Amino acid sequence: ESGLYECSVEMAYVRQAASGAIGVVIWLKELQSDRRVTETHWVQSGNAKGNKNYYERNGKKHFLPGYNHVNALARLSIGEDLPNLVEENKIVKIYDFAQGKEVDTEVPVLTALLGARIKAGILKETVDKNEENAAGDYVPSGQTRDQNVVDKFFRAADGLTQAEIEAGLTEGAFIGPWEAKHQGVTKNSAVGVRDASLASAGAAGSGQVAAGAPTESLFKTKAPDVAPAA
């Protein structure tokens, strides 16, 4: 259910899409139950958009939402910015959809984040089950499913957000209202209606990791004059 959960980072590895976009896959383990929430956060755009970790709007640069999310996790848990994290190639068991099973896969792992503690504001969200239509697009099937997504990170020790830390606050003012608004509430993001076009028509692994070696970072350096996250 939606709420605040004490978590640790079970795995954090980098993946690159065919488009050239770069994402960070985070496995969060809820400490009381060992349940896992797995998400991919896109921290850099693809080739068509210039391989940037930011976008521009009204003449201002803003970091991508995925970049802000992973950067907040890194800063709140280990006090480091994302571009400063060293990647090491390691073998991780990752589900392969083509083979229908977990397979040993070499991926760049952000080892400094492994085991880091964080308090996560997790939402239970109802979304559409999508199906591929004749044009190759994925559209709503009329059925829905529930999933968990991380909405906000808070520092494990005191529940502060990064903005509150930078403002010099010692008590969190945001965490209470967040919990009051979301605790036990399922967010409905589904259309729930079958798309008319259908009429013509990276899962988580076990977390086992082998030793690896440092590798060249896939991340771009921090963009200048980028507006801070809200």
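The values are calculated or read from the model by the stated rules, or taken from the named source; none is laboratory data. Everything quoted here is computed from the prediction, not taken from an experiment. Methodologically, a virtual Cβ is constructed for each residue, glycine included, from the backbone with ideal geometry; neighbour enumeration extends over all protein chains shown. The protein model used for the area step is the full one, side chains on, heavy atoms only, and it has no ligands, DNA or RNA in it. Shrake-Rupley method; radii C 1.70, N 1.55, O 1.52, S 1.80 Å.
3J(HN,Hα) couplings calculated from phi for the range 155-161 with the Karplus curve 6.51 cos²θ - 1.76 cosθ + 1.60 (θ = phi - 60°) are, in sequence order, 5, 4, 5, 9, x, 7, 8 Hz; Gly and Pro show x. Checking the a/c ratio against 1.5 first, then a/b against b/c, what shape does the Cα gyration tensor give for the range 84-192? Verdict is oblate for the range 84-192.
For the residue pairs 29/90; 61/129; 49/129, the alpha carbons lie more than 24 Å apart in 61/129; 49/129. Working from label points 7 Å from Cα in the Cα-to-Cβ sense, the residue 102 to residue 165 distance is 3.1 nm.
For the range 8-114, the set of chymotrypsin sites (Phe, Trp or Tyr not before Pro) satisfying both a DSSP loop assignment and a count of at most 15 other C-beta atoms within 10 Å is given as 97.
Put a plus charge on the Cβ of each Lys and Arg, a minus charge on the Cβ of each Asp and Glu, and nothing anywhere else: the dipole of the chain about its Cα centre is then about 320 debye.
Could you give the length gained on full extension between residue 95 and residue 174, defined as 0.36 nm per residue of separation minus the Cα-Cα distance, in nm?
The residue 95-residue 174 span can extend by a further 24.8 nm.
Within the assembled protein chains, the solvent-accessible surface assigned to residue 139 is about 20 Å², based on a 1.4 Å probe. For the pair the range 57-71 / the range 120-139, the C-alpha centres are spaced 24 Å from each other.
Working from label points 7 Å from Cα in the Cα-to-Cβ sense, the residue 185 to residue 35 distance is 1.9 nm.
Note on residue 124 and residue 138: the extension gain reaches 2.8 nm, defined as 0.36 nm multiplied by sequence separation minus the Cα-Cα distance.
Please report, as a whole percent, how much of the solvent-accessible surface of the chain comes from carbon and sulfur atoms (probe radius 1.4 Å).
That share works out to 47 percent.
Projecting the Cα positions of 168, 79, 63 onto the charge dipole of the chain (unit charges on Cβ atoms of Lys, Arg, Asp and Glu, taken about the Cα centre) puts 63 furthest along the positive direction. Only DSSP H runs of four or more residues enter the estimate; each adds -39500 (n - 2.57), and after division by the residues of the chain the mean residue ellipticity at 222 nm equals -3500 deg cm²/dmol.
Given [x] 18.7, 58; [y] 17.6, 55; [z] 19.0, 61, which label gives Rg and Dmax of the Cα atoms in Å as computed from the coordinates? After the calculation, the listed value that fits is [x]. Rolling a 1.4 Å probe across the protein heavy atoms gives the chain an accessible surface of 54 Å² per residue.
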